[in-house]
Every structure is written in C-alpha cells, then in structure tokens.
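As structure tokens, the structure follows; a few thoughts come after it.
Derivation of every value follows stated rules applied to the coordinates shown; laboratory data play no part. These figures come from a predicted structure and were not determined experimentally. All Cβ positions, glycine included, derive from the backbone under ideal geometry; neighbour counts span all protein chains shown.
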Amino acid sequence: MIATLSALLLLAASIAGQIAAGADCPTVPPGLVIPLVAAALLAWRTNGWTTGLALGVGLFIGVGAILTPDTGDQLSSGETALIASTVAELLAPAALVIAGAAACLARKGARP
C-alpha cells in the first residue's frame, strides 16, 4: 500500500511541477485532483476497491499522458523544469500501475 500511495503522490507532484513550470492547465486540473482524491481514499480505507481505484487512476492518467499532444510539446520545449516534470508524469503512472497491480494481487491472495 505504501508504494501505491507514494506513486499516487508522485503523480500529483509531477502535475504540480508542470503547472509551476508554466504548462497550460484548466483552473481545476483533473490530473492533479484525481490522484490526490485516490490517495486520500487509499490512506483512509485500504481495501480491494481502493487499490483497484489506484490501479485504474494509473491506467487512466498514464494513457492520457501518452496520447495528449501536450506531452510532446512539453518534452520539446527546452525548459528543464517542464521536461523533468513531464518525464516524471510519464514514469509515475507506470510505477502506479505496477504498485497497484501488486497491491490488488496481494489483497486477492490474502482472502480466505
């Protein structure tokens, strides 16, 4: 659970880093809010649906980060902070998917 929670917070931090580096974003950035809500739910109540939710968040945001044209623009911007936070945004969902899948499998194996 700690790895999953850490990956959710890393994902949120990478989005916050992009915003601080000057990336365009909506007033309420969903890429920042969604992992924070999932992290709060996971910290509050660790069970099968919250670990599954964390896995789903990783897949959802990871696919979105890969498919959006903004990612390519940010990686080719030449701004170090924006490039670093975008790379972190691409790596964090991968870590989240791995940690979330491991947590889901561990919970499934723990059932009587």
### Task
Of the options LEU59, ALA13, LEU82, report the single residue whose Cα projects farthest towards the positive end of the charge dipole of the chain (beta-carbon charges: Lys, Arg +1; Asp, Glu -1).
LEU59
### Message
Considering just Cα atoms, how many Å³ per residue does the convex hull of the chain enclose?
### Response
82 Å³
### Task
Can you tell me the 0 to 90 degree angle between the C-alpha axis of helix 2-20 and the longest principal axis of the chain, rounded to 10?
20 degrees
## Note on the structure
Taking 74-81, 6-13 and ranking on average Cβ neighbours within 10 Å, highest first, one gets 6-13, 74-81
